[in-house]
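Trainee: My questions all concern the structure below.
The values are calculated or read from the model by the stated rules, or taken from the named source; none is laboratory data. Remember, it's a predicted structure, so these values are computed and weren't measured experimentally. Note that each Cβ is placed from the backbone with ideal geometry, even for glycine, and that neighbours are counted across all protein chains shown.
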Amino acid sequence: PRLRALCLRNARHTLPAQSQRRQINHFVSQNPPTADQPPPSQPQTTFTLAVKDNITTVSPLPTTTCASPFLASHASPFQATIVTQLQSFGAQLVAKTNLDEFGMGSHSTHSAHGPVAQSLGGSPYSAGGSSGGSAVAVANEEVDLALGTDTGGSVRLPAAYCGVVGYKPSYGMLSRHGVVPYANSLDTVGLLARTVGRIRELVVERGLWKVWDGRDPTSLGEATRRRCAEGREGCNGEKGRGLEGVRLGLPVEYNIEELEGRVKDAWVEAAGRLEERGAKVVPVSLPTTRHALSAYYVIALAEASSNLAKYDGVSRGQGFGEEVKRRILLGSYTLSSEAMDNYFLKAQAVRRLVRRDFDRVFRLENPLQDEQEVFDLSEMSDDIPMESKLGPAEVDFLLCPTAPTLAPKLEDVMSGQGVLDAYMNDVFTVPASLAGLPAVSVPMPVEGEERMAGLQLIGQYWDDAKLLGVAEAVS
Ligand code: GLN
């Protein structure tokens, strides 16, 4: 049976014809799996892996271009920890995937390799971004698993557009050593697959979530990991227990004008179905939501401008694409002395409020809650005791769409859609990024539509194991 399973698996991984590949343009470099058995040194339970091209790999795919003209032939001397970890579990690296340059974008169109497309009914649609190449590779069943990066939604948005599962871990949980930074205080490495189960197996059952990496300064230390895991049901690899008794919150502020009617209908319907299956669904309020997007685009761009300053010299004007140049200019401006107070510092204040909104509604406390902040608040109001989580216990997870619309046609994105429209796609994904919370997008069918939408579940900090368990039950 093992051999049969292997043959079936390999049969599924036949790559699309060359012409179709060029059209969808999701791979930057490839090392296709052979139809033979894996080499004897490989564990028996192998799976194929594609890696976003802003995550470093070594042989057999030595270049990491970040889809930037600057790094067109860059070969990293070392490999990202997360890739090595997955290889130790049996991953066969078969491709590096196309993306928005340095992860900056929402449609995977700002790439030195040209835009990524997903083909639906023979027409090219946006694959979402910036991990669009990874999402397409998974959706096309060319790989079992793909790595992406999620700074403000870049794993969840393409997963939603392409009808696959995309998981963004708690900030600091999975190693970012070897992941080229975009905005350090927000960057995470994320996983895409066709089922939640595959992701849960690697992260929870095989213990990736536990591993501290001393080479990644943002990787949470061991003592803090232990403290964070306290009270996190399911964190010891226990499988999710279905939906009975799980409280899901629908954030009322996510019902925005830009939310497409059929995506909203699908969301409401999904909530109803989950209620029938034993979940308790309640409305919750996250009042700072409407400021989160602006705050994100101030903070992310400020950090990006500082990160990219190392690519200096006379070729700076030529080495970056348009979108990256725009972001460096905006980011440098918000950090300049005359704009700092009005933009960067305000955005940091909004970020704290976004986190506080989440802490108010979740049943669990945020283990990283700033004690000073609780103290300041308790000074202001007698209702807030010192150890308070800042609000009544309301929900275990939040349930909302991943993006306000379905995947647009690629030509509309390339021709008509303005910069602000593209930024707007991130409206439902950036709040969890600003707060460092885990979130997962699972495919959500839309009535009368071939395209899928994404249903997003957001959990309290470090509640990843239970989040993935519930997402598995939901999908
Ligand atoms: N679309 C968002 C941006 O352009 C998110 C990108 C990301 O998560 N890497 O910043």
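Trainee: Here is a check on your reading of the model: is Ala95 outside any strand (DSSP E or B) and out of contact with any Cys (no Cβ under 7 Å at 6 or more places or on another chain)?
Mentor: Working: outside any strand (DSSP E or B): no; out of contact with any Cys (no Cβ under 7 Å at 6 or more places or on another chain): yes.
For Ala95, the condition - outside any strand (DSSP E or B) and out of contact with any Cys (no Cβ under 7 Å at 6 or more places or on another chain) - is not met.
Trainee: Within the stretch 174-213, take every residue that is charged (D, E, K, R), within 23 Å of Pro443 (Cα to Cα) and surrounded by fewer than 24 Cβ atoms within 10 Å (Cβ to Cβ) and give me the one that is farthest from the chain's Cα centre (by Cα).
Mentor: Result: Glu205.
Trainee: Here's another thing I want to ask about it. Which of the residues belonging to the stretch 94-116 are away from the ligand (no atom under 13 Å from the Cβ) and of a type outside the set (Gly, Ala, Ser)?
Mentor: Scanning the stretch 94-116 gives Val94, Lys96, Thr97, Asn98, His113, Pro115, Val116.
Trainee: Please name all residue pairs, on different chains or six or more residues apart, with Cβ atoms under 7 Å, provided the first residue is in the stretch 444-465 and is under 16 Å from Gly166 (Cα atoms) and aliphatic (A, V, I, L, M) and the second residue is part of a loop (DSSP other than H, G, I, E, B) and at pLDDT 95 or above.
Mentor: Met444/Met452; Met452/Gly163; Met452/Pro445; Met452/Val446; Ala453/Leu406; Ala453/Val446; Leu455/Thr402; Ile458/Leu437
Trainee: Please indicate, with yes or no, whether at least one residue in the stretch 254-262 is within 16 Å of the ligand (Cβ to nearest atom), assigned to a helix (DSSP H, G or I) and of a type in the set (Ser, Thr, Tyr).
Mentor: Restricting attention to the stretch 254-262, the residues satisfying the condition of being within 16 Å of the ligand (Cβ to nearest atom) are 258.
When the remaining residues are screened for being assigned to a helix (DSSP H, G or I), the result is none.
No, that holds for no residue.
Trainee: Further question: Considering only residues that are among the aliphatic types (A, V, I, L, M) and touching a residue at least 40 places away in the same chain (Cβ under 8 Å), which ones fall in the stretch 59-83?
Mentor: Step one: of the stretch 59-83, the residues among the aliphatic types (A, V, I, L, M) are 61, 67, 71-72, 75, 80, 82-83.
Of everything in the stretch 59-83, those that are among the aliphatic types (A, V, I, L, M) and touching a residue at least 40 places away in the same chain (Cβ under 8 Å) turn out to be Ala67, Ala72, Ala80, Ile82, Val83.
Trainee: Here is a check on your reading of the model: is Val116 touching a His at 6+ places or on another chain (Cβ under 6 Å) and either assigned to a strand (DSSP E or B) or closer than 27 Å to Asn307 by Cα (or both)?
Mentor: yes
Trainee: Does Ser19 count as modelled with pLDDT under 95 and outside any helix (DSSP H, G or I)?
Mentor: Criteria not met by Ser19.
Trainee: Please indicate, with yes or no, whether at least one residue in the stretch 321-333 is in a loop (DSSP other than H, G, I, E, B) and under 15 Å from Ala292 (Cα atoms).
Mentor: Within the stretch 321-333, none of the residues are in a loop (DSSP other than H, G, I, E, B) and under 15 Å from Ala292 (Cα atoms).
Trainee: Can you tell me which residue in the stretch 438-475 is farthest from the chain's Cα centre (by Cα), limited to those that are within 20 Å of Pro404 (Cα to Cα) and either polar (S, T, N, Q) or within 16 Å of the ligand (Cβ to nearest atom) (or both)?
Mentor: The qualifying residue farthest from the chain's Cα centre (by Cα) is Ser475.
Trainee: Something else about it: Which of the residues spanning the stretch 180-217 are within 22 Å of Ala127 (Cβ to Cβ), charged (D, E, K, R) and away from the ligand (no atom under 16 Å from the Cβ)?
Mentor: Arg194, Arg198 - these are the residues of the stretch 180-217 that are within 22 Å of Ala127 (Cβ to Cβ), charged (D, E, K, R) and away from the ligand (no atom under 16 Å from the Cβ).
Trainee: Something else now. Please tell me if Ala435 is surrounded by 21 or more Cβ atoms within 10 Å (Cβ to Cβ), away from the ligand (no atom under 12 Å from the Cβ) and farther than 17 Å from Val189 by Cα.
Mentor: no
Trainee: List the pairs whose first member sits in the stretch 145-168 and is near the ligand (Cβ under 10 Å from one of its atoms), whose second member is among the acidic types (Asp, Glu) and not in a loop (DSSP other than H, G, I, E, B), and whose Cβ atoms are under 7 Å apart, counting only residues at least 6 apart or on separate chains?
Mentor: Between residues of the stretch 145-168 that are near the ligand (Cβ under 10 Å from one of its atoms) and residues that are among the acidic types (Asp, Glu) and not in a loop (DSSP other than H, G, I, E, B), the close pairs are Arg156/Asp150; Lys168/Asp150.
Trainee: Does the stretch 119-133 hold any residues that are more than 9 Å from the ligand (Cβ to nearest atom) and hydroxyl-bearing (Ser, Thr, Tyr), and which are they?
Mentor: Ser119, Ser123, Tyr125, Ser126
Trainee: Still on this structure, I have one more. On the basis of being in contact with a Leu (Cβ under 8 Å, 6 or more places away or on another chain) and more than 30 Å from Ala347 (Cβ to Cβ), does Ala473 make the cut?
Mentor: yes
Trainee: Please identify the pairs in which a residue from the stretch 118-144 that is free of Cβ contacts under 8 Å to residues at least 24 places away in the same chain has its Cβ atom under 8 Å from the Cβ atom of a residue that is assigned to a loop (DSSP other than H, G, I, E, B) and within 13 Å of the ligand (Cβ to nearest atom), counting only partners at least 6 apart or on another chain.
Mentor: Hits for this filter: zero, empty list.
Trainee: Right, next: Got a sec? Which helices (runs of 4 or more DSSP H) wholly within the stretch 141-253 have at least 1 residues that are modelled with pLDDT under 95 and out of contact with any strand residue (DSSP E or B) (no Cβ under 6 Å at 6 or more places or on another chain)?
Mentor: 222-229
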